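What follows is one structure encoded as structure tokens, with my remarks underneath.
Computed from the coordinates by the stated procedures, all read-outs in this text should not be read as laboratory data. If you're wondering where the values come from, they're calculated on a predicted model, not measured in any experiment. So basically every Cβ, Gly included, is an ideal-geometry build from the backbone, and we count neighbours across all protein chains shown.
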Amino acid sequence: MSRLRELLMPAAASTVARDVDSLFYFLLGLSAFFFLLIAALTAWFVIRYRQGSRVRRGAAPTHNTALELLWSLIPLALVIVIFFWGFHGYISAAVPPADALEIKVVAKKWLWQFEYPNGLRTVNEIRVPVGKPVKLVMISEDVIHSFYVPSFRIKQDVLPSRYTQLWFEVTEPGAHRILCTEYCGRGHSDMLGVIHAVSDEEYRSWLESGGGLGEGMPLVEFGRLLYTRYGCEVCHSLDGSRLEGPSFKGIFGKPVRLSDGRTVTADEDYLRRSILQPQTEVVAGYQPVMPTFQGLLGEREINALIEFIKEQK
Amino acid sequence: MTGANYLTETRGLRSWLFTLDHKRIGVMYLWSTLLAFFLGGVLAMLIRLELITPQKTLMDADTYNKVFTLHGAVMIFLFIIPSIPAALGNFVLPLLLGAKDVAFPRLNLASYYLYVAGAIMALASLVTGGIDTGWTFYTPYSTSTGGAVNLVTLAVFVLGFSSIFTGINFIATTHKLRAPGMNWFRMPLFVWGMYATAIIQILATPVLGITVLLLFLERVFGVGIFDPKLGGDPVLFQHFFWFYSHPAVYIMILPGMAIISEVIPVFSQRPIFGYRAIAFSSVAIAGVSFLVWGHHMFVSGQSVLASAIFSFLTFLVAIPSAVKVFNWVATMYKGSIRLQAPMIYAITFLLLFAIGGLTGLFLGSLATDVHLHDTYFVVAHFHYVMMGGTFIAFLAGLHYWWPKMFGRMYSETAARVAAALVFIGFNATFLSQFVLGSRGMPRRYYNYLPEFQALHVLSTVGSWVLALGLLIVAGYLLASLRRKPEAPPNPWGGMTLEWQTTSPPPTHNFLEQPVVDRGPYDFPPLETEEETVARSA
Ligand code: HEM
Ligand SMILES: [Cu+2]
Ligand SMILES: [Cu+2]
């Protein structure tokens, strides 16, 4: 049965998902019933009353008030039931419990930034405890994005003009996908993230260790991980092709022409400045659209990214 | 062909370009909208081809975004909105009413040239940088992106007036030019459908015009209306946009329903079941359609109360559509049914529109919409309604009135093969997308997760079958123009006035002013079982 369910929807992993799914399957059954009714009647009439067939035709009615009332009122009653059912699910998903863990979300082309109450910041990835309500307070830095977690059955647009909220309580441990569902340009389909649902203890120790990403990983490997995790890949290719920003291929140690006419050498310091204050030295021929990673990356992470870029010969 | 008809009476390019004849304007609209459909279709094939693999297949992300934007914009503004009213409606509405022409022939020609101007502007965007906003132009993306957005917003503005002119003409014609004896309840249901459509065209389209103009002002002069950087509100744009575009959904579907209401009675030789219910439900839909726009914004941050009200009204507007479906099915009961091309498409419409309508319940209901909004479920839903509904109804109407328009019959065998391919191809293309959507595949995605590939491949292969079917349709219709047999005045046994004149009609439609003394579906009595037995003995 659950296998069958996963054919149509990802495995349900939040407290609201069950409700949504029951309504979904109710609607599916109802639709199947009405579709088959219409199809069967049509087929039956077309065959039985085909031109020249031997059946009693006579004078058929051109209207029938009782029948017409019946087939207006039954659907009306059904849609009223559906409306209240859908409304009930929506309301419970709209009001976060007072004790929810609050995480701030900033969306921008094309990544998700998160900040925990203790100041810990992450990009495109969060860790939350199973069985505890979590509330997201979201804002966008540029255009409208939309925060969607299919396995939780939740979605909310993220606006540049005001905060919007979303809350959930995870029921299944594991990794749950975040997708952007409001079209936001070239990197829209790459604006992915992940929610790791873990036990309460694991969550606490992770929070205390300050995130603990990439521990024991060689720097270049760690840099490669950050390159995808932090969305650099949306704007920087590794194969020399031009995206929103220049490719990383072979840039290290070469001279770079800047938009203010100066030429600098792409050494470690230049790369570091490019990542932390991208607006101060803009490569000639490109728009100053790179977001700053100041405050998001620790020293080890910056080093890892620089080592990774150096490797792209 | 006996005597001169509207096609042969005058000749030469000038006689077409300056014509005031509603039939010729309808034919020019027909070829233009079909050309637009072809272009939109080529773009659709490119989208499907790109999506056959999860990463890059043949174009980069920027190109993909431009291709789906242009596909949507061309299909909506250049094909589906004008197709039935301005092409088929222009041709048959005066004939159905027993009139010589529409009320304002010059306005009619102006409408066509505005359409051409708008189309040229929209397509000029191809060579002036393209446009990547999606056909919905959501702010602030559309105010911050580059490309030819200004040009396309102006094109939409111009096209809006083309649509308004058609609407004005149809309302005036219906009120003023009915043949003697044709009271409102002797009007064919196609006219009722066009009338309801015209109301929406006139009342809703100006809002779209104003909206795109505001967008233009913001982009060009930096007037802060929608962009929060200038103190505007981006969600306001969505309210404006859907205040037009939801009613516009009915500009798209009511004409389709109107065609089906003609075809099913004729090919069942039975009066339509519940004439008044169908007529009034069209007008009711037109009215309520103005009050449901917020169902596109359940997750955009509008208040819970607003969402609840919009959801409730959305369900109410579903009832008249359901009633129409039941009426059409009931019309076939005890009929004498002929499965010729127009009827095959009408039945295809019934099945596909039923799926489109029923899946609308999932989207109107709040809890499920949150999950399905902006996924492929929505893409599948609106293609079932617009392509499976309106476009298939357009094909039904085209096959129904083709003999009247051009005086030729087409090959029924070819038509059956094509209809079967279209049905199979369509369902393969779009049924798979419901599953993609409910499994969490967002729309407007260039790259996607590998787990979705199998369904995308199915959808793409389906689109090839669909395209093949449509190419066959184009083939036999065009072939019929050069080939006999010529069409008789009334090939289908219709009772409405267009079948009482020659095929094709003379320039002034009727040689004598028709007088109406019965309803549009008063078919001769069908033979009883005894008579059938006697005849076959
Ligand atoms: C009457 C015919 C049609 C109409 C009115 C129509 C309309 C539309 C509209 C309005 C969109 C949304 C564009 C956007 O998101 O901005 C769209 C998207 C799409 N259409 Fe069509 N279309 C039609 C036929 C087709 C056909 C025949 C195919 C397939 C062969 C097709 C495939 C698609 C696909 C795959 C998308 C989704 C693109 C994406 O979200 O990435 N359409 N269509
Ligand atoms: Cu996005
Ligand atoms: Cu709508």
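Under a straight-distance cross-link criterion of Cα-Cα below 15 Å, which aspartates and glutamates are reachable from B:LYS484, leaving out those fewer than 8 residues away in the same chain? Reachable aspartates and glutamates: B:GLU412. Simple spin-label estimate for A:ARG48 and B:ARG535 gives 2.0 nm between the two label positions (7 Å along the Cα-to-Cβ direction from each Cα).
So, R0 is 56 Å and r is the distance between the beta-carbons of B:ASP522 and A:TYR163; what FRET efficiency does that work out to, to 0.05? Result of the calculation: an efficiency of 0.30. Short to long, the 20 Å bins of the Cα pair-distance histogram for the stretch B:19-522 hold 23, 59, 18, 0 percent of all pairs.
How big is the dipole moment of the stretch A:193-313 about its Cα centre under a simple scheme where the beta carbon of each Lys and Arg is +1, that of each Asp and Glu is -1, and everything else is neutral? Debye, nearest 20, please. Show your work: numbers first, answer last.
On the way: 13 positive and 18 negative charges, 138 e Å.
Its charge dipole is roughly 660 debye.
Approximating the spin labels as points 7 Å out from Cα along Cα→Cβ, the A:ALA77-to-B:VAL127 distance works out to 6.4 nm.
In a shell of Cβ-Cβ distance under 14 Å around B:PRO188, excluding B:PRO188 itself, what net charge do Lys and Arg (+1) and Asp and Glu (-1) give? Net charge in that neighbourhood comes out at +2. Kindly work out what percent of the DSSP beta bridges joining two residues of chain A are antiparallel, to the nearest 5. Of the beta bridges lying entirely in chain A, close to 70 percent run antiparallel. Applying the criteria of a DSSP loop state and at most 12 other Cβ atoms within 10 Å to the trypsin sites (Lys or Arg not before Pro) of the stretch B:380-488 yields B:ARG482. Loop sites here are GluC sites (Glu not before Pro) outside DSSP states H, G, I, E and B with no more than 16 other Cβ atoms within 10 Å. The longest part of chain A free of them is A:1-140.
In the stretch B:2-81, which trypsin sites (Lys or Arg not before Pro) fall in coil by DSSP and have 16 or fewer other Cβ atoms within 10 Å?
Numbers: sites: B:ARG11, B:ARG14, B:LYS23, B:ARG24, B:ARG48, B:LYS56, B:LYS66; in loops: B:ARG11, B:LYS56.
Those that pass, being in a loop and sparsely packed, are B:ARG11, B:LYS56.
Remark: mean inter-chain Cβ contacts per residue of A:27-34 equal 4, using a 10 Å Cβ-Cβ cutoff to other protein chain atoms. Along chain B, the longest continuous region that contains none of the GluC sites (Glu not before Pro) in a DSSP loop with at most 15 other C-beta atoms within 10 Å is B:10-511.
Counting residues in the stretch B:243-384 as N, plug N into 2.2 N^0.38 Å and put the Cα Rg over that result. Provide the component values of the computation, followed by the final result.
Values: Rg = 16.4 Å, N = 142, 2.2 N^0.38 = 14.5 Å.
Normalised Cα radius of gyration, the stretch B:243-384: 1.14.
Apply the Kirkwood formula to chain A: the hydrodynamic radius equals the inverse of the mean of 1/r over all pairs of different alpha-carbon atoms; give it in Å with one decimal. Please list the in-between numbers first.
On the way: mean 1/r = 0.0423 Å⁻¹.
Mean inverse Cα-Cα distance, inverted, gives 23.7 Å.
When the Cα centres of the stretch B:295-362 and the stretch B:5-78 are compared, how far apart do they sit, in Å? Taking the Cα centre of the stretch B:5-78 as reference, the centre of the stretch B:295-362 is 27 Å away. Of all DSSP-defined beta bridges confined to the protein assembly as shown, some 70% are antiparallel rather than parallel. Straight-line reach from B:LYS23: taking Cα to Cα under 15 Å and skipping same-chain neighbours fewer than 8 places apart, the aspartates and glutamates in range are B:GLU9, B:ASP101, B:GLU498. Name the aspartates and glutamates eligible as straight-distance cross-link partners of A:LYS254: C-alpha to C-alpha under 18 Å, and not fewer than 8 places from it in the same chain. Once the sequence-local aspartates and glutamates are set aside, what remains near A:LYS254 is A:ASP239, A:ASP267, A:GLU268, A:ASP269, A:GLU281, A:GLU307, A:GLU311. Net charge near B:PHE157: determine it from the other residues with C-beta under 15 Å of the C-beta of B:PHE157, scoring Lys and Arg +1 and Asp and Glu -1. Summing Lys/Arg as +1 and Asp/Glu as -1 gives 0.
Within 9 Å, Cβ to Cβ, of A:PRO97, how many net charges do the neighbouring residues add up to if Lys/Arg are +1 and Asp/Glu are -1? Present the calculation step by step, with values, prior to reporting the outcome.
Details: positive: A:LYS135; negative: A:ASP99, A:GLU169.
Every neighbour counted, the sum reads -1.
Neighbouring Cβ atoms from other chains, within 10 Å of the Cβ of residues in A:18-25, number 3 on average. Compute the distance from the alpha-carbon center of the stretch B:401-433 to that of the stretch A:14-72, in whole Å. If we compute the Cα centre of each part, the gap is 24 Å.
Sequence-distant contacts, meaning Cα pairs under 8 Å at least 6 residues apart, place the relative contact order of the stretch B:19-522 at 18 percent.
Count, for each residue of B:351-361, the Cβ atoms from other chains sitting within 10 Å of its Cβ, then give me the mean as a whole number.
Mean partner shielding for this stretch: 4.
Would you order A:TRP85, A:TRP110 from fewest to most other beta-carbon atoms within 10 Å of each residue's own beta-carbon? Write down the numbers at each step before the final one.
Values: A:TRP85 19, A:TRP110 24.
By the 10 Å Cβ count, ascending, the order reads A:TRP85, A:TRP110.
In loop segments of the stretch B:136-225 as defined by DSSP, there are no chymotrypsin sites (Phe, Trp or Tyr not before Pro) with at most 10 further C-beta atoms inside 10 Å of their C-beta.
Can you tell me the FRET efficiency between A:LEU243 and B:ALA110 if r is taken as the Cβ-Cβ distance and R0 is 56 Å, rounded to the nearest 0.05?
0.75
Within the stretch B:315-334, which residues have the backbone N less than 18 Å from the label spot 7 Å out from A:PHE33 along Cα→beta-carbon, could you tell me? Inside the label zone: B:319, B:322-323, B:326. Each label point was placed 7 Å from the Cα along the Cα-to-Cβ direction; for B:ILE52 and B:LEU471 their separation is 1.4 nm. Ranking A:SER92, A:PHE147, A:TYR49 by Cα position along the charge dipole of chain A, where only Lys, Arg, Asp and Glu carry charges on their C-beta atoms, puts A:TYR49 farthest toward the positive end. Between the stretch A:110-147 and the stretch B:92-115, the alpha-carbon centres lie 57 Å apart.
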